[in-house]
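The values are calculated or read from the model by the stated rules, or taken from the named source; none is laboratory data. Please read these numbers as outputs of a predicted model, since none were measured by experiment. Here the Cβ is made from the backbone with ideal geometry for all residues, glycine too, and neighbour counts use every protein chain on show. In case anyone asks, the SASA skips ligands and DNA or RNA and just uses the protein heavy atoms, side chains included. Shrake-Rupley method; radii C 1.70, N 1.55, O 1.52, S 1.80 Å.
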Amino acid sequence: VLVTSDAAGQQWNSSIWDPVAGTSLLTFKGSTSAPHTLSILNNEYILGALPTKSVIQVWSLQKTDNTQMQIVCPGRVTSLTTTPDGNYCIAAVSENIHIWQVCTGHLLTVLSRHYQQIKCIKCTDDGTCFVTAGDDNLVIAWNLAKVLADCGNPSHQVEPDHVWSHHSLPVTDLFIGSGGNRARVVSSSLDQTCKMYDLVSGDLLCNLVFDVSITSVTMDTAEYRLFAGGSNGVIHCIDMFEMPVQKERHIEKESEDITCFEGHKKQVTCLCVSINGGKLISGSDDCNVKIWDVFSGQCTKTLDHKGMLTNVFLIPTPPALLDLNTPRNCIIKPFQRHLYIPGEQTDESDGTVTMMFNHSEKMESVVDYMSDVSSYLSQITEISDPEEELAKCKEEIAMLKSANHKLFQFAAKGILHQEEQIT
């Protein structure tokens, strides 16, 4: 299904469409969502941040429950994403990165590495890494486990895995391919370039130079084609396996090996490709969402909106849209505005299990840890008598069996007695 949102908000905040039929399946009302802030949480909820207020709106994807929940944040959210497992929400408030645990609402950490407003946050398909980019021309890659390793310590500053400063103007969009922490990252910028990086080594793999500012970028599932939307409304399709292989390529509209999708009258703000790579969906400031056939370059369908498109992306159909009785597995708590400190006493007792990458005791190495465990086990073995412990265990098992048998007899008699009364 196709998820879209526009800047007008006259009819809805966001909408879910059938990309084949072009019909609206579900709409969510309530103001508008800022660019790069619409995200799907665990295939059960949809999150969107208001462009003028420090509020994140949450809707359920079930048609029977279209209620709206509002979460107050420390500031206006400029970009937002969630991990694929639905455990964490990563949001940018100006130049700072906030990470919340969804089931408890704890603010686990706040990262400060950018110098200006962050415009885009993308997470890898396995949730191990995320990449941020913004107006300071920087593209920064973070490891989620490393970021949360010492959460709750305000003095602890986490260093990112890679800091790419090859752009000379603000970065407008990001794309992360498949492969988890071994994926490739593509960034677009107003400096008329798209750059591809290796998430493992941090090397610059490719530099594509255009004759127009690039406002959005994406690739197909096989990463065979790269689509770059320009500020003039033209979408460039580049074959990444063209021979000979060049680290820097200058892309011109008149080139024979470049396919251009022309139809938008204003800049292209959003791009996404279907799973099979046959359909390209684009959103623009001209208030239109266009569905293109990649191989023919023709526009097959146009979805009209009332305002400029702020978010457009494709997702596999959530089970909540198909089955209204689908149980919910995700719990959302209001996000806290102050940093959570592990072990601190709180007034709330929600009964949820907090899972974080935090260690109460620092071990020098795994070998030292295993030696401590082995010494502890040897002490227990020396103190206790194995035969005596075995006898105690057998006696406890016999008592448990007896209690279980009595409970069964009591329950069986009660059920039979109740049936006799009914008859």
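At-a-glance table
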read-out	value
Alpha-carbon spread of region 264-325, three principal axes, descending order, Å	43, 29, 16
Solvent accessible area, Å² - residue 225, 1.4 Å probe, full protein context	60
Between helix 386-422 and the chain: long-axis angle, C-alpha atoms, 0 to 90°, nearest 10	80
Region 2-321, relative contact order [Cα under 8 Å, separation at least 6], %	13
Using alpha-carbon coordinates, inclination of helix 366-383 to the longest axis of the chain, degrees	10
Backbone HN-Hα couplings from phi across region 221-235 [Karplus 6.51/-1.76/1.60, Hz, Gly and Pro as x]	4, 7, 6, 8, 10, 10, 10, 10, x, x, 6, 8, x, 8, 10
Most fluctuating residue given options 386, 316, 19, as computed from a GNM of the chain linking Cα atoms under 10 Å	386
Approximate spin-label separation residue 70-residue 389, in nm, with each point projected 7 Å along Cα-to-Cβ	5.9
Other-chain or far-sequence residues with amide H under 5 Å of residue 162's (modelled H)	141
Calculated [θ] (222 nm, deg cm²/dmol) that DSSP helices of n ≥ 4 give over the chain, each run adding -39,500 (n - 2.57)	-5000 deg cm²/dmol
Label-to-label distance, nm, for residues given as residue 149 and residue 117 (7 Å Cα→Cβ offset)	3.4
Nearest-0.05 FRET efficiency for residue 159 and residue 295, computed from C-beta distance (R0 56 Å)	0.80
Linear extension gain, residue 248 paired with residue 201, 0.36 nm per residue minus alpha-carbon span	15.1 nm
Debye log10 I(q)/I(0) at q = 0.16 Å⁻¹ for region 33-148, Cα point scatterers	-0.69
Cα centre as origin, Lys/Arg/Asp/Glu Cβ charges: the chain dipole, Debye	1440
For region 2-321, fraction of C-alpha pairs farther apart than 30 Å, in %	30
Candidate residues 406, 265: accessible-area rank, largest first, probe 1.4 Å	265, 406
Out-of-range pairs (alpha-carbon distance over 24 Å; input 195/306; 53/333; 63/265; 265/306)	195/306; 63/265
Full-stretch length increase - residue 29, residue 110 - with 0.36 nm per residue and alpha-carbon distance subtracted	26.1 nm
Cα→Cβ-extended label distance, 7 Å offset, between residue 411 and residue 241, nm	6.0
